[in-house]
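Following this message is one structure expressed as structure tokens.
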Amino acid sequence: MCPPEPASPASLSLPADAVLIHVGPFKTGTTAIQASLSEHRDDLADHGVWYPGPAMRLAREVWSLRGGSPRGYRTLGPEVWEEFVAQVPAHPGRIALSAEEFVTLRSDRIGKLVADLGPDRVHIVMVARRLEALIPSSWQEWIKSTYGSMSYEQYVEDLMDPASTATAAVAFWHSHDIGAVLRRWREHLPGDRITVLVADEGDRERLARVLEEMLDLPGGLLRPGQQENASLTWARTEMYRRLNDFFAAHDWGERTWRRMMRQGVMQGLMSAPRGPGEAPIPPVPAVARDWLARLSAEREQAVRDAGVRVLGDPAALRFTAAGATDRLPAPPTELPIDAAVAAVSALVEVSVEEQEAIRERVRSREVERRRALKRDLRRAHRRAQRQAVRRARRQAQRRAQRRAAAPAVDPLAGVSSTDLLGEIARRQGARLRRTVRRRR
């Protein structure tokens with residue numbers, strides 16, 4: 001691990017050739033800042049900052065670097081990351097990268113990233129958020145993104161169990177165990193090139209302002225993007241969870257689930273305005289209070305002891321009594337009609353688009369089949385013509401060869417002179433008689 005660094009200066013401005021990597025983690029305002037960076041890509045370029053595109057974030061490249069894609073996505077080879085790295089020398093100024101997947105990298109992958117992008121250029125910024133705010137938000141994100149169907153109560157229980165091997169729990173702590181994440185990055189970067197921003201739940205534009213200062217951008221340039229990964233209400237998450245169960249029971253496959261649920265139902269649920277009485281996902285139950293308080297204190301101390309630049313007060317990571325409820329109420333069983341209509345409408349829309357796409361593929365295949373048939377017929381006709389010409393030529397050649405090989409025949413062979421003179425006299429007499437008859 002690199003040795004601790006002295007306190008960082010007041011200015012956040014990075015060197016003119018810095019590569020700033022926003023590593024997330026998930027559910028800390030990443031989608032909003034990525035939408036803003038993507039929306040202002042040209043403005044960033046005008047200020048000497050390259051934000052790679054056209055995607056909103058650098059997900060595919062990080063999947064390639066870490067050697068694994070999310071469930072349901074095609075596995076990418078290392079060449080995707082290498083192709084990106086090959087573009088870096090063409091951008092000697094500041095570079096900004098953002099993807100929540102950066103926080104999931106193993107130490108050896110972080111070492112490769114730093115080596116590939118420039119050991120003297122790489123800086124990272126990450127956001128630390130209170131656990132009681134993260135857990136409800138992360139549960140609904142897990143349900144939305146991973147075909148998950150576990151209840152909120154089961155999700156909390158898995159997080160509380162240190163021996164749990166549940167995929168959801170392992171994924172959560174791999175991204176949000178601040179101490180472990182910082183240790184992985186500190187093995188390859190000095191502390192003054194790692195910035196931890198302690199989240200302020202009441203100030204959602206703070207990350208944008210920090211990035212503006214680090215990249216020497218005009219204040220207000222990175223206003224919140226149009227796209228924000230807002231959390232669903234409890235009722236909407238519960239509807240989505242049950243539909244996930246329904247899909248899993250019918251084994252329709254992840255491609256169908258992603259198309260119908262992620263691109264259909266979820267988009268509809270997120271687009272409908274929140275109805276009166278729709279409750280957010282409740283805080284964790286009271287039985288988790290002691291656990292939350294202990295882990296929150298450990299996370300606060302991990303930030304203080306990491307030897308990195310910290311923006312904000314680590315004490316904001318402490319557990320508050322408002323972050324737990326005496327007992328979890330029963331999951332909701334009703335959904336506002338507007339939300340239901342939006343979900344069904346979006347599902348119908350993607351279904352119709354899917355059917356249209358299938359029909360278009362069928363039409364394209366039929367057109368291509370007919371074209372191929374015409375091509376084959378033309379080729380067959382030309383081939384038959386060529387074969388007929390070749391046959392005619394061969395036959396002519398054989399006749400010529402036979403004529404050339406046949407011996408010469410003398411038509412008078414074997415005829416005596418007497419017989420020849422007699423035949424001539426006969427023909428001359430016949431001719432004379434015909435002449436006499438005509439003159440009469």
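The numbers here are math on the coordinates, done by the rules we state, and not lab data. Predicted, not measured: the structure shown is a model, and the values here were computed from it. For neighbour counting, all protein chains shown are included, and Cβ atoms are generated from backbone atoms with ideal geometry for every residue, glycine included.
On the first, second and third principal axes, largest extent first, how far apart are the outermost C-alpha atoms of the stretch 1-115 in Å?
44, 38, 31
Helix 107-117: angle to the longest alpha-carbon principal axis of the chain, degrees 0 to 90, nearest 10?
With rounding to tens, the tilt is 70 degrees.
Treat every Asp and Glu Cβ in the chain as -1 and every Lys and Arg Cβ as +1, leave all other atoms uncharged, and give the resulting dipole magnitude about the Cα centre to the nearest 20 debye.
Working: 69 positive and 56 negative charges, 1684 e Å.
Roughly 8080 debye for the chain.
Still on this model: Once both axes come from the Cα atoms, what is the angle between helix 417-439 and the longest principal axis of the chain, in degrees from 0 to 90, rounded to 10?
Helix 417-439 sits roughly 90 degrees off the main axis of the chain.
Shifting gears a bit: Can you order the peptides 153-165, 350-362 by their average number of other Cβ atoms within 10 Å per residue, highest first? Walk me through the numbers on the way to the answer.
Working: 153-165: 14.8, 350-362: 11.6.
Output ranking for 153-165, 350-362: 153-165, 350-362.
Just to confirm the number: angle between the C-alpha axis of helix 131-145 and the first principal axis of the chain, 0 to 90 degrees, nearest 10?
Roughly 20 degrees, rounded to the nearest 10.
Which residue, Val210, Trp291, Ile424, has the largest displacement toward the positive end of the dipole of the chain when charges sit on each Cβ (Lys, Arg +1; Asp, Glu -1)?
In the chain, that residue is Ile424.
Treating only the Cβ of Lys, Arg, Asp and Glu as charged (+1, +1, -1, -1), what charge dipole size does the stretch 319-359 show about its Cα centre? Round to the nearest 20 debye. It would help to have the intermediate numbers written out before the result.
On the way: 2 positive and 7 negative charges, 44 e Å.
That gives a dipole near 220 debye.
Tell me, what does the Kirkwood hydrodynamic radius of the stretch 52-191 come to in angstroms if you use every pair of distinct C-alpha atoms? Mind showing how you got there, number by number?
Numbers: mean 1/r = 0.0598 Å⁻¹.
One over the average 1/r among Cα pairs gives 16.7 Å for the stretch 52-191.
Using mean Cβ contacts within 10 Å as the protection proxy, how do 269-277, 392-400, 90-98 order, highest first?
90-98, 269-277, 392-400
Find which of Gln301, Gln397, Thr333 sits farthest along the positive direction of the dipole of the stretch 271-424, computed with +1 on the beta-carbon of Lys and Arg, -1 on that of Asp and Glu, about the Cα centre.
Gln397
Hey, any idea what Rg/Rh is for the chain, computing Rh the Kirkwood way over Cα pairs? Kindly include the intermediate steps, with their values, before the conclusion.
Details: Rg = 41.1 Å, Rh = 27.5 Å.
Over the Cα atoms of the chain, Rg/Rh equals 1.49.
What is the magnitude of the charge dipole of the stretch 233-369 about its Cα centre, with +1 placed on the Cβ of each Lys and Arg, -1 on the Cβ of each Asp and Glu, and no other charges, expressed in debye to the nearest 20? Let's see the in-between values first.
Values: 20 positive and 20 negative charges, 59 e Å.
Computed charge dipole of the stretch 233-369: roughly 280 debye.
Specify which residue in the list Trp257, Gly219, Ala235 is farthest towards the positive end of the charge dipole of the stretch 198-283, using unit charges on the beta carbon of Lys, Arg (+1) and Asp, Glu (-1), about the Cα centre.
The residue sitting most towards the positive pole is Trp257.
What do you get for Rg/Rh of the stretch 307-438 when both radii come from the Cα atoms and Rh is the Kirkwood radius?
On the way: Rg = 51.8 Å, Rh = 28.9 Å.
Here Rg/Rh amounts to 1.80.
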